[in-house]
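Visitor: Would you mind keeping the following structure in view while I ask a few things?
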Amino acid sequence: MSSIVLEPAAEGWDFPRSPTGLRVLLDFAVDAGLTPQRALVGTGLRAADVVRLESAGDEVTAAQELRVVRTLHRALGEVGAAVGERYDAATFGAFGYALLASRSVLDAMVFAVRFIELSNAFALPRATADADVVTISIDGAALPVDVRRFLVERDAVAVHRVLESLVPGGVGATLVWTTGREAATIRFGTDQLERPLPERSAQRLALAAQVCTDTVDTRRARSGLAQAVRVLIVQQLGRGAPMVDVAAALAVSERTLRRRLRDEGVGYQELLDEVRSALAATLLDGRVTMPVAAVAARLGYADAVALAHARARWRR
């Protein structure tokens, strides 16, 4: 077969992510004897917030998940591999369902790197294939030094588990660590790439892929600080998402936040309106709608009248 190179669509790990990864970390922490409050210290979130964000399909920032990783690492040591054992395809919602609905192992791998932001990975995998061997490289060189091993272990074990779960009996992949476990490789035979998946379904794949596309397109609409601010605004919308609270979550002053956003060519109110208008359209104009009063509360408005005035302003 001709050589194959699969590169992740994301250029780095600092992208918004599903709260599911944070919830997996939180569950592990609690099982290890830590309180939810201790595990979530510094994130600005409580355990109830994580549940709410996950059920609503909202997001957390990479910094929030990384903060929990650091807390676990300080308290429990190098337990990344043990955390990775808690992941399977179903953990990743529509992304995982799309992998399982793919036609073949290769198709699932292509989909995975295309939508890598939906995986919760920090150590982004890259795959190559020659005549006989597929090699998936998971390198922690770009990760923070203090938790590099933790993240590489977690992500490598999770990738290995999901890969082996695609077909009955697995693909026979071996997971090999480098010295210090700050990088890993997963290898298996190229004869496994065209193995059909037992749950393959063009219809289910199309549905799941559309959900993944919509999610990723929204996440990629902004980058840098503006992207993180959007995520934090969504988390705090019920309280009106005041700028002072979002700035505090980023550990900066309002003045600094305003200046840094200005440097990116955007204002805080613009981002707030952007988030509110998009959510309002989804909740009021989508196939499944909510009562206007409930949407107003969800977006941080006092009542339906205030929401109506805001929608009129957005349309101008």
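Please treat every number below as a calculation from the coordinates, not as lab data. What you see is a predicted model, and the numbers here were worked out from it, not measured in a lab. Cβ: placed from backbone, ideal geometry, glycine included. Neighbour counts: every protein chain shown.
Visitor: Calculate the spin-label point distance for ALA47 paired with ARG313, positioning each point 7 Å from the Cα along the beta-carbon direction, and give it in nanometres.
Guide: Between ARG313 and ALA47, the label points sit 3.9 nm apart.
Visitor: May I ask for the percentage of alpha-carbon pairs in region 4-202 that lie more than 21 Å from each other?
Guide: Values: 9828 of 19701 pairs.
Value for region 4-202 (Cα pairs over 21 Å): 50 percent.
Visitor: Just subtract the alpha-carbon distance of ASP191 and ALA206 from 0.36 nm times their residue separation and send over the number in nm, one decimal. Mind dumping the intermediate values first?
Guide: Values: separation 15, 0.36 × 15 = 5.40 nm, distance 2.61 nm.
Here the segment from ASP191 to ALA206 would lengthen by 2.8 nm.
Visitor: Can you tell me which of LEU205, LEU34, LEU283 moves the most in a GNM of the chain? Springs connect C-alpha atoms under 10 Å apart.
Guide: Taking springs between Cα atoms under 10 Å, the residue moving most is LEU283.
Visitor: Also, I was wondering about something else. Could you please state, rounded to a whole Å, how far the C-alpha centre of region 136-167 is from the C-alpha centre of region 68-94?
Guide: Centre-to-centre (Cα) distance: 10 Å.
Visitor: Which three extents, in angstrom, do the Cα atoms of region 102-173 have along their principal axes, listed largest first?
Guide: 38, 26, 22
Visitor: Then there's this: Taking θ as phi - 60°, what are the ³J(HN,Hα) couplings along region 178-186 by the Karplus curve (6.51, -1.76, 1.60), each to the nearest whole Hz, with x for Gly and Pro?
Guide: For region 178-186, the Karplus curve yields 7, 4, x, 6, 9, 7, 8, 10, 10 Hz.
Visitor: Quick one: if the Förster radius is 41 Å, what FRET efficiency do SER253 and THR213 give, using the C-beta to C-beta distance and rounding to 0.05? Walk me through the numbers on the way to the answer.
Guide: Values: r = 37 Å, r/R0 = 0.91.
That pair, SER253 with THR213, gives E of 0.65.
Visitor: Something else: Could you work out the relative contact order of region 1-56, using alpha carbon pairs under 8 angstrom and six or more residues apart, expressed as a whole percent? Each step should come with its number before you reach the end.
Guide: Numbers: 21 pairs, mean separation 17.7, N = 56.
Worked out over region 1-56, it gives 32 percent.
Visitor: Related question: Taking the Cα centre of the chain as origin, work out the dipole magnitude from +1 charges on Lys and Arg Cβ and -1 charges on Asp and Glu Cβ, in debye rounded to 20.
Guide: On the way: 38 positive and 37 negative charges, 220 e Å.
In debye, rounded to 20, the chain gives about 1060.
Visitor: Something else now. Take each complete run of DSSP H in the chain, measure how far its Cα atoms stretch along the helix's own axis, and keep only those covering 24 Å or more with mean Kyte-Doolittle hydropathy at least -1.0; list them. Don't skip to the end; give the middle numbers.
Guide: Working: long enough: 148-165 (26 Å, -0.09); 202-220 (26 Å, -0.21); 268-285 (25 Å, 0.21).
Membrane-span-like by this criterion, though nothing is claimed about a membrane: 148-165, 202-220, 268-285.
Visitor: How high is the FRET efficiency from THR135 to ALA90, r the C-beta distance, R0 25 Å, rounded to 0.05? Can you show the working numbers first?
Guide: Values: r = 26 Å, r/R0 = 1.05.
Between THR135 and ALA90 the formula returns 0.40.
Visitor: Got a sec? Charge dipole of region 64-147, +1 on Cβ for Lys and Arg, -1 for Asp and Glu; which of ILE136, THR91, ALA101 is way out at the positive end?
Guide: Checked the options; the winner is THR91.
Visitor: Report the one residue of GLY170, ALA9, THR256 whose Cα lies farthest in the direction of the positive end of the charge dipole of the chain (charges on C-beta: Lys and Arg +1, Asp and Glu -1; origin at the Cα centre).
Guide: Going by the Cα projections, it comes out as THR256.
Visitor: Counting only C-alpha contacts under 8 Å and six or more residues apart, can you give the relative contact order of region 41-177 as a whole percent? Walk me through the numbers on the way to the answer.
Guide: Numbers: 132 pairs, mean separation 35.0, N = 137.
Dividing the mean separation by the residue count of region 41-177 yields 26 percent.
Visitor: What percent do you get for the relative contact order of region 221-315 when only Cα pairs under 8 Å and 6+ apart count?
Guide: Working: 72 pairs, mean separation 26.0, N = 95.
Answer for region 221-315 is 27 percent.
Visitor: Nearest 0.05, what FRET efficiency do ALA63 and ARG126 give at R0 = 22 Å with Cβ-Cβ as r?
Guide: Here the calculated transfer efficiency is 0.40.
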